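Worksheet: one structure, shown below.
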Amino acid sequence: MERASRILGKLQIKPVEVAGVKTYHLAPGAWAAAVGKKIASHTKPVFLQDGKLIVDVEDAVWQTQLRTLETSILPRIEKIVGSRIVEHIEFRLTPPRRQATAASAPRAATDESTAIPDPVMRRVYRSARRKANA
């Protein structure tokens, strides 16, 4: 999407006129080219609606910084996509992602092997119990 948007920006063809390419697809695709890899890694363009590009931002610090940079980002997007397609950028906070946790194996309510004082015999008992339950 980025390459197509760059070419269309240079040709100054309205993206609506190109078959199969809509402006609401092209503007989010031009985001990474307009802002660079560093900012693009902390943001995600969601969609374009009525001249407003909605961009999800990972935290409030990035949101504040990008609001101040909006006036310099808009001309870059305009250069790639074309004029009057993106008129405003709205930076939204993305809800924090929950980290995946490993499932723990269910443990027996009582583990009678803990009563065996000898570690070798405890290991032999646990191995035999696993084989018997399999």
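The values are calculated or read from the model by the stated rules, or taken from the named source; none is laboratory data. Just so we're clear, the structure is a prediction, and the values are computed from it rather than from any experiment. FYI the Cβ positions are ideal-geometry reconstructions off the backbone, even for glycines, and counts take in every protein chain you see.
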Would you pick out the residues in region 50-77 that are touching a helix residue (DSSP H, G or I) at 6+ places or on another chain (Cβ under 8 Å) and farther than 25 Å from P96 by Cβ?
R76, I77
Just checking, which of S72, S41, S5 is at pLDDT below 65, more than 30 Å from Y125 (Cα to Cα) and among the polar types (S, T, N, Q)?
S5
Quick one: in region 59-78, of everything that is crowded, with 16+ Cβ neighbours inside 10 Å and farther than 11 Å from W31 by Cα, which residue is farthest from the chain's Cα centre (by Cα)?
L66
Expected single match for farther than 14 Å from R92 by Cα, touching a His at 6+ places or on another chain (Cβ under 8 Å) and surrounded by fewer than 17 Cβ atoms within 10 Å (Cβ to Cβ) among G51, G36 is G51
